[in-house]
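Presented below is the structure to which this report refers.
Coordinate-derived values only; no laboratory data. This one's a predicted model, so the numbers in the text were calculated from it and none came from an experiment. Every residue, glycine as well, gets a Cβ built from its backbone with ideal geometry; the counts of neighbours run over all protein chains shown.
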2 protein chains.
Amino acid sequence: MMTQKDRLHFEDLEEGTKIQLGSHTITKDEIIEFAKEFDPLPFHLDEEVAKKSLLGGLASSGWQTAGLTLRMLVNEFLGKIASMGGLGFENLKWKKPLMKGDTLTGTVTIASLRRSQSHPEKAVMVLDFDMRNQKNQQIMTMSLANLVAVRHPEQTKGEGA
Amino acid sequence: MMTQKDRLHFEDLEEGTKIQLGSHTITKDEIIEFAKEFDPLPFHLDEEVAKKSLLGGLASSGWQTAGLTLRMLVNEFLGKIASMGGLGFENLKWKKPLMKGDTLTGTVTIASLRRSQSHPEKAVMVLDFDMRNQKNQQIMTMSLANLVAVRHPEQTKGEGA
């Protein structure tokens, strides 16, 4: 099992790095199962209602799209990072619905990476998300702020190993 | 079954209204089950690892807190509204972790409610969330923007029935 020491710390990360996420094709059953638990609105539960709604057909809850995105982020990146937890996010926008049978994928960019002044053992990393469907249409964007451990809190970056 | 016509439309809603959400007490099993699916980081999966983490014990994924909040919102409010879907949210902040055995509750305020100029059949409603634990400590805040149907798009508000 990976220990915290083996994970990527502040010193191992760099602003501007792009991470290609995996992909997930969403099924009708997944949409309905998630909606039943978290977002039981008629147009996420019933295909006939969905067709008559603004969405034009069965689409995932926007929160399911966010959850799937999180899972891809953990798989491809956050699971390898010495993460100390999330702080929150901003500007989450659902641009287009993710319809039944659509494939969600996307890229994440390390938008900023900054040591905490008051807590030198921590850094704040901001990740920008660009989530798209199989037609390369933008589905969701957001910025997530996450705490990352600093490996050598006693050193300032650039002072050497 | 409730039809769209029976639901609360733009004309039935008012800025400043506060909605008391229900409550949910989170168990160890719920935390681990959610984390396995969406946020499989060690400190959400293993109580021993969690105790040594910044969280100080087993706590829900912040995304689970958001999901539970959404479910309460649908139960108490959104399920009764002629919602046309979510647009996104802003300023989501995880203030304190929701620990195993904690009870999540909170209030929602209709922060703004505004007809669309270009689409008179739609209005944008912004909801501000103040989520707390059983000790009245703030756990999460966010602002959600949601589309609501206008019952009489041909009328301007205040022109009569």
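Choose one answer from A:Gly106, A:Gly62, A:Gly16: the residue with the largest mean-square fluctuation in a GNM of chain A with alpha-carbon springs under 10 Å.
Of A:Gly106, A:Gly62, A:Gly16, the most mobile in the Gaussian network model is A:Gly16.
In chain B, which residue puts its Cβ closest to the axis that turns chain B onto chain A, and how many whole Å away is it?
Smallest Cβ distance to the axis, with its residue: B:Glu90, 3.
Inside 10 Å of the C-beta atoms of B:57-66, what's the mean count of C-beta atoms belonging to other chains?
3
Every other copy gets compared here: list the nm distances from the B:Asp128 label point (7 Å along Cα to Cβ) to its counterparts, shortest first, one decimal.
2.9
Considering the dipole of the range A:27-69 built from charges on the beta carbon (Lys and Arg +1, Asp and Glu -1) around the Cα centre, which of A:Thr27, A:Gly57, A:Leu68 is farthest to its positive end?
My answer, from the dipole projection, is A:Gly57.
Extension gain B:His9-B:Gln137, at 0.36 nm per residue separation less the Cα-Cα distance, in nm?
42.8 nm
Given the range B:86-161, report the % of alpha carbon pairs whose separation exceeds 18 Å.
For the range B:86-161, the fraction of Cα-Cα distances above 18 Å is 53 percent.
Let me confirm one metric for peptide B:21-29, namely the mean number of other chain beta-carbon atoms within 10 Å of its residues' beta-carbons.
Whole-number average of other-chain Cβ neighbours for B:21-29 is 0.
Starting from the coordinates of the alpha-carbon atoms of the protein assembly as shown, obtain the Kirkwood hydrodynamic radius over all distinct pairs and give the value in Å to one decimal.
For the protein assembly as shown, inverting the mean 1/r across all distinct Cα pairs yields 20.8 Å.
Amide H neighbours of A:Lys95 under 5 Å, counting only residues 5+ apart in sequence or on other chains, H built in-plane at 1.01 Å?
A:Met140, A:Thr141
Would you mind computing Rg(Cα) / (2.2 N^0.38 Å) for the range A:8-149, counting N as its residues?
1.16
So between A:Lys95 and A:Asn75, what do we pick up on full extension, going 0.36 nm a residue minus the alpha carbon distance?
Using 0.36 nm per residue and subtracting the Cα-Cα distance, I get 4.8 nm.
Per-residue mean of other chain beta-carbon atoms within 10 angstrom of the beta-carbon, peptide B:33-41?
For this peptide, the per-residue mean of nearby foreign Cβ atoms is 4.
Could you name the lysines in cross-link range of A:Lys36, using Cα to Cα under 19 Å and dropping any fewer than eight places away on the same chain?
Answer for A:Lys36, where 19 Å is the Cα cut-off: A:Lys28, A:Lys51, A:Lys100, B:Lys36, B:Lys80, listed by chain and number.
A:Lys18: which aspartates and glutamates have alpha carbons under 20 Å from its alpha carbon, excluding same-chain residues fewer than 8 sequence positions away?
Candidates past the 8-residue exclusion: A:Glu76, A:Glu90, A:Asp128, A:Asp130.
Sort shortest first the distances from A:Ser23 to its counterpart in every other copy, using label points 7 Å along the Cα-to-beta-carbon line, and give them in nm.
4.7
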